[in-house]
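Some notes on the structure that comes next.
Read-outs: derived from the displayed coordinates by stated rules, not from any lab. Nothing here was measured: the structure is a model prediction, and the numbers come from that model. Neighbour counts are summed over all protein chains in view; Cβ atoms, including those assigned to glycine, are modelled from backbone coordinates with ideal geometry.
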Amino acid sequence: MGTISEEAMGYESEAKINNISELEFIQTSAEVKEEKDAEFPYKYFEIEGLRYKIPKSVLQNLKAILEENKDLKKFKVKKTGEGMDTRYTVIPLT
């Protein structure tokens, strides 16, 4: 056992979540999973063992795009802002 400051400095989150906007593209066929045991439950998908959180606004925007283009296979997500001002733009690719 150490001090609280030593514990804090050595702390690493068990579930590392990456931002969906870090990817060059996302396949619409990616399998969605749900983390229900987190303080704030979220949906995500995995690529090579890494989790990428899917913000609700991305799902909402993607739904509107898929209603017009059911054959969409790939899309990209652009992130702007920080914290409470974060906005995501879904960009259809192919």
Taking only Cα atoms, what is the 0 to 90° angle, nearest 10, from helix 56-68's long axis to the longest principal axis of the chain?
-> 10 degrees
Whose amide H sits under 5 Å from the amide H of L50, counting only residues 5 or more places off or on another chain, with H placed in the peptide plane?
-> none
Sequence neighbours fewer than 8 away in the same chain don't count; with that in mind, list the lysines whose C-alpha is under 30 Å from K70.
-> K33, K36, K43, K53, K56, K78, K79
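State which stretch of the chain is the longest one without any exposed GluC sites (Glu not before Pro), exposure meaning a DSSP loop state and at most 14 other Cβ atoms within 10 Å. Mind dumping the intermediate values first?
Values: sites that count: E12, E14, E24, E31, E39, E48, E82.
Here the longest run is 49-81.
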Towards the positive end of the charge dipole of the chain, with charges on Cβ (+1 Lys, Arg; -1 Asp, Glu), say which of L23, A64, A8 has the farthest Cα.
-> A64
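How would you rank R87, R51, going from fewest to most other Cβ atoms within 10 Å of each one's own Cβ?
Working: R87 10, R51 16.
Sorted ascending by nearby Cβ count, the order is R87, R51.
Which of F45, F25 has the fewest other C-beta atoms within 10 Å, and how do the rest follow up to the most? Kindly include the intermediate steps, with their values, before the conclusion.
On the way: F45 17, F25 12.
The order, fewest Cβ neighbours first, is F25, F45.
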Correct choice for volume of the Cα convex hull per residue in Å³ that was computed from the model, options [x] 135; [y] 118; [z] 103 | [x]
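With +1 on the Cβ of every Lys and Arg and -1 on the Cβ of every Asp and Glu, and nothing else charged, how large is the dipole of the range 14-92 about its Cα centre, in debye rounded to the nearest 20? Don't jump to the answer; show the numbers that get you there.
On the way: 15 positive and 15 negative charges, 55 e Å.
Charge dipole of the range 14-92: 260 debye, to the nearest 20.
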Could you go through the range 19-27 in sequence order and give the Karplus-derived ³J(HN,Hα) for each residue, using 6.51 cos²θ - 1.76 cosθ + 1.60 with θ = phi - 60°, rounded to whole Hz, and x for Gly and Pro?
-> 8, 4, 6, 6, 8, 5, 7, 10, 7
